[in-house]
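Step one of this worksheet: look at the structure below.
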Amino acid sequence: KALQEGAEDYLVKGKIDTRSLLRALRYAIERKVLEEALFAEKERAQVSLKCIGDAVLCTDLEGRITFLNHVGERTTGWSFREAAGRPRAEVLRVLDGSGREVSRDEMPMAVDLDQTLHLPASWTLVRRDGLAIPIEGSAAPIHDREGNSSGAVVVFRDVSAARALALQMTHAAEHDLLTGLPNRLLLNDRIGQAIAVAPRHVKKVAVMFLDLDGFKHINDSLGHTIGDQLLQSIARRLVANVRAPDTVSRQGGDEFIVLLSEVERWEEAAVAAKRMLRTVAQPQAVGEHDLHVTASIGVSVYPDDGLDAETLIKNADTAMYQAKAHGPQSLKFFKPAMYERAVERQSIEESLRRALERQEFTLHYQPKVRLATGAITGAEALLRWTHPVRGLVPPGEFIHVAEDSGLVLPIGKWVLREACMQARAWADAGLPAATMAVNISAVEFAADGFLDGVFAVLEETGLDPQALELELTESVLMRRAAASEAILRTLKARGVQLAVDDFGTGYSSLSYLRRFPIDALKIDQSFVRQISTSPAETGIVSAVISMGRSLKLRVIAEGVETPEEADFLLAQQCDEAQGYHFSRPVPPRRFAELLTGGCVPRHAAAKAQPP
Ligand code: C2E
Ligand code: MG
Ligand code: MG
């Protein structure tokens, strides 16, 4: 009973001898020493676990909580009393780098592998109240006396402060202290990224070097504090004027670089740069001052002006210096010619879009005459565009823009309809019969519904299809020869006349020319010009004319300017001619007068054979 109550040993009265008494006393003393040592050891462990700066959590083999120290309580939000016996995952909820709850359990792994494992650096702990805390730590197995695993211990710590500091340090390394904008280091990185993805999206990347005009003067006269505030104000304005994927960075001093990472055309960069110039030029209230500053901008564009960040920045810088030399608030592209062409094109396209509805188009008509008699055989409709600001714009300057933008389709439709209505009106007025020639561009010819469009116009205007002649260039016909042949045959079946325009300038295959149901060849004016400029080389003109004749086609010479040219062509048995020598393209009223006369004045043959 005494032993049950805690006595360590007993001696029986009367049987005590010196030996057994001594042994009992020795055992009692040794045991007491051991107990003391054990207690001290346990106490030391407990105190360490309680005082340690790290959270400590122990589980048994089933993963249930068997211990949680104070820091662990604080970090997880669970008291040990409440946590004891609960599954580890409930008390120590962790998310992986992508924010998903960690299903793989590192602690059983530590037990299974019988080794210490580090928790992945991307893990965050979800505290009981929901707060996410980045943690670092390790898990290790606990062994029993026989060396078997009996559970695991996880040691972890809250690293929010360290992470925040690390982030702050990277931010500081990559940003400008004064404005908080990315610095050159980060900008280089961003330019690199933009270049890497640009080819995939068939995009351009623009680098704009912006430098304030006369900033030094403000800094010197009003002081650095005002100067700094002005730079901050400008930084805010620039940022407010770019899109999300773009980067505004400060290079130091009064220099900023703006990266436009997704530019489709040069003009976009120009528009953005002009916006920057305007926004900087707005008055800025700094302290009690109302400051007016301007900036100059140089622009370089990837891939045209450089293939890496360094070259692009260098070239934008060069362009900026040229802009400065041009006076304050200037904008210069590294390659100005390219830019000006692009801007010109863009502006033509913009006004072309509105030209139809604003009725800025008219048609002029140039007579084609029979060389032998001077009689007018027909008219070629030539498009004229009167731009509200630029005035008369020749077709050579806008037809290709119209083709590239697809605007040639509605414009071509208008031309065809207008020309057919005009031809019908002249016929109705009883004027001598003349064919109406209309130029058809490659884009129109290849478009779906081209044939339907032509037939619809003939239907609507009631013009005799025989009176309509479509002019197509060689390259248009040859591009898709088989398809062209089918379209031409359908037109021919209706009686529409077909002419090959600018003949001799393209790549014709004679066998195709023979196959196509063509009525006429128009010899390009470059050949006609040779008659007067290099009379020794008129062999080509003669050859082309006789070739046309051998193909049994009507041959029309374009651009006849002199009587000599006309005489030569007549001598070579060229059928018809067209050119300033007979008449320039003229407005409809004037053409009606020419038609009434039946033939054109100043014609070489007309002199011999007056009307
Ligand atoms: P094209 O069809 O070869 O038209 C002949 C061009 O030569 C016209 O220029 C005409 O004004 C010009 N020309 C006529 N006689 C002479 C001459 O004696 N000397 C010189 N130097 N030039 C002469 P334009 O009107 O400027 O038209 C240029 C081109 O634009 C046309 O060449 C044609 O390809 C195209 N074009 C004109 N109108 C239209 C249209 O309505 N639709 C389409 N798709 N293209 C058109
Ligand atoms: Mg023509
Ligand atoms: Mg021509």
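Worth pointing out:
- Selection of first residues in region 347-375 that are touching a residue at least 40 places away in the same chain (Cβ under 8 Å) and away from ligand 2 (no atom under 16 Å from the Cβ) and of second residues that are of a type in the set (Asp, Glu) and open to solvent by less than 50 Å² (accessible area, probe 1.4 Å), restricted to Cβ pairs under 7 Å at least 6 apart or on distinct chains, gives the following pairs, ordered by first then second residue: Arg370/Asp575; Arg370/Glu576; Leu371/Asp575; Leu371/Glu576.
- Leading residue by the ranking (nearest to the chain's Cα centre (by Cα)) among those in region 204-251 that are surrounded by fewer than 19 Cβ atoms within 10 Å (Cβ to Cβ) and among the basic types (Lys, Arg): Arg243
- Restricting attention to region 424-462, the residues that are over 28 Å from Ala481 (Cα atoms) and β-branched (Val, Ile, Thr) total 1.
- Residues of region 565-579 classified as part of a helix (DSSP H, G or I) and either open to solvent by 10 Å² or more (accessible area, probe 1.4 Å) or of a type outside the set (Gly, Ala, Ser) (or both), total: 6
- Exactly one residue out of Leu458, Leu407, Leu451 is at pLDDT 95 or above, open to solvent by less than 30 Å² (accessible area, probe 1.4 Å) and more than 21 Å from Glu558 (Cα to Cα): that is Leu458.
- Only one of the listed residues (Gly77, Gly85, Gly53, Gly63) is modelled with pLDDT of 85 or more, open to solvent by 60 Å² or more (accessible area, probe 1.4 Å) and among the small types (Gly, Ala, Ser). That residue is Gly53.
- For the residues Leu409, Leu416, Leu451, the requirement of being touching a strand residue (DSSP E or B) at 6+ places or on another chain (Cβ under 9 Å) and among the aliphatic types (A, V, I, L, M) singles out Leu416.
- When Ala45 is tested against (1) part of a helix (DSSP H, G or I); (2) out of contact with any Phe, Trp or Tyr (no Cβ under 8 Å at 6 or more places or on another chain); (3) closer than 19 Å to Ala132 by Cα; (4) not charged (D, E, K, R), only condition (3) is not met.
- Residue that is farthest from Thr473 (Cα to Cα) [pool: residues in region 523-564 that are open to solvent by 40 Å² or more (accessible area, probe 1.4 Å) and of a type in the set (A, V, I, L, M)]: Ala536
- Candidate set: region 424-448, residues that are more than 16 Å from ligand 2 (Cβ to nearest atom) and part of a helix (DSSP H, G or I); chosen: the one most open to solvent (accessible area, probe 1.4 Å): Asp428
- Taking residues in region 518-541 that are without any contact (Cβ under 8 Å) to a residue 40 or more places away in the chain, and partners anywhere that are among the charged types (D, E, K, R), the pairs with Cβ atoms closer than 7 Å and at least 6 places apart or on different chains are Asp524/Asp502; Asp524/Glu558; Gln530/Glu537; Ile531/Glu564; Ile531/Glu565; Ser532/Glu564; Ser532/Glu565.
The values are calculated or read from the model by the stated rules, or taken from the named source; none is laboratory data. Everything numeric in this text was worked out from a predicted model, so none of it was measured. We place every Cβ from the backbone using ideal geometry, glycine too, and count neighbours over all the protein chains shown. Accessible surface areas use protein heavy atoms only, side chains included; no ligands, DNA or RNA. Shrake-Rupley method; radii C 1.70, N 1.55, O 1.52, S 1.80 Å.
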